[in-house]
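First the structure, in the form of structure tokens, and then the observations on it.
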Amino acid sequence: MIGTAGGKLQTLSQALAYRALRLRIQEKMKDRRTTGRNMELTCATIEGITGVNHTPESLWVSLHRRKKFTLTQKYSAFAWRGIHGAQKVGEYWIQAKKEDWAPCEYCGVPIESMQHILLECKASGQEVIWDLARRAWADTAAEWPPISMGVILGAALMEVKKEDGKKLRGKSRLIQILISESAYLIWLIRNEWRIEHEQDPRKLHTKQEVENRWWAAINKRRNIDWALTNRRAYGRKALAKKDVKNTWDGVPDPKVRNDAVGTGVVVGRASSRRPPGRNR
Ligand SMILES: [Zn+2]
């Protein structure tokens, strides 16, 4: 008898263990479906714009290797989480039974999403930021792509070509930098307002604040790029001066422009200082 009861107990605990395992597998499958869907969407979007067909593997590799210092580690981690649907927004809070945190109350959107934050929200500074990025690109004479989640998550695969199909290395770097820095800054601003400022509508970032933050981020990248051309410091890893020049040629520098017209307005403060030794 004891043996039978023990057998039953064992069967029961096995059944429970099996159920738990099945739930875990279901969860994993759901995650995988999200990842797979985002990967497909990203690769298809990039192919639609650049004409180059990438595999999900090449997207992973581009995010991990971060060739030529074009993408920051922070953006790469952000894009990686984005592809996995791992950011704690909207749907995540519903699953976690914290429904109060799911909506974007400012916009009256019941379930916030990365798409909402990066492309639609009125509190995240996205409109101002994408406009700045588009304008900074205007001088390149190449087309500015329609910004979508696919372009944001696949920024590492964006490239710009000449009419003869030859890749423009500098401009390809620039478009990757503009898209990745812009998307990441929108995410930061959204988090500051929602978490630090507790969604207080009186503490929204002003247009001027958003603009200053964007120029500071872009000029920081411009300065780092020039600093990375130092062969003595970086040896074979150093960036080629020609590539860096081609990257930034035509991108206005508000600090220089304002100095030139004598308004004395300095945007970006300390971070827009250039590395020593560069000819102005
Ligand atoms: Zn919103």
Of residues in segment 97-149 being among the hydroxyl-bearing types (Ser, Thr, Tyr) and closer than 30 Å to Lys167 by Cα, the one modelled with the highest pLDDT: Ser148
Some residue of segment 82-103 being in contact (Cβ under 8 Å) with a residue 24 or more places away in the chain, within 16 Å of the ligand (Cβ to nearest atom) and surrounded by fewer than 19 Cβ atoms within 10 Å (Cβ to Cβ): yes
Residues of segment 196-238 that turn out to be within 21 Å of Ser180 (Cα to Cα) and modelled with pLDDT under 95, as a count: 0
Output for segment 123-151, where each listed residue is within 16 Å of the ligand (Cβ to nearest atom) and hydroxyl-bearing (Ser, Thr, Tyr): Ser124
Qualifying residue in segment 40-49 (condition: more than 16 Å from the ligand (Cβ to nearest atom), touching a residue at least 40 places away in the same chain (Cβ under 8 Å), farther than 30 Å from Pro252 by Cβ and in contact with a Pro (Cβ under 8 Å, 6 or more places away or on another chain)): yes
Looking only at segment 59-84, and only at residues there that are in contact with a helix residue (DSSP H, G or I) (Cβ under 7 Å, 6 or more places away or on another chain) and farther than 22 Å from Met114 by Cα, the one that is modelled with the highest pLDDT: Thr70
Wholly within segment 137-227, helices (runs of 4 or more DSSP H) carrying at least 3 residues that are farther than 18 Å from Cys43 by Cα: 169-191, 207-227
Where Val160 falls short, out of the listed (1) within 18 Å of Tyr184 (Cβ to Cβ); (2) in contact (Cβ under 8 Å) with a residue 12 or more places away in the chain; (3) away from the ligand (no atom under 16 Å from the Cβ): (1)
In segment 111-136, the residues that are of a type in the set (A, V, I, L, M) and either free of Cβ contacts under 8 Å to residues at least 24 places away in the same chain or not in a loop (DSSP other than H, G, I, E, B) (or both): Ile111, Met114, Ile117, Leu118, Leu119, Val128, Ile129, Leu132, Ala133, Ala136
Lone unmet requirement of (1) farther than 29 Å from His116 by Cβ; (2) touching a residue at least 24 places away in the same chain (Cβ under 8 Å); (3) not β-branched (Val, Ile, Thr) for Leu153: (1)
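Could we say that Gln115 is of a type outside the set (Phe, Trp, Tyr) and either closer than 12 Å to Ser182 by Cα or more than 14 Å from the ligand (Cβ to nearest atom) (or both) here?
no
The values are calculated or read from the model by the stated rules, or taken from the named source; none is laboratory data. Because the structure is predicted, anything quoted here is derived from the model rather than measured. Here the Cβ is made from the backbone with ideal geometry for all residues, glycine too, and neighbour counts use every protein chain on show.
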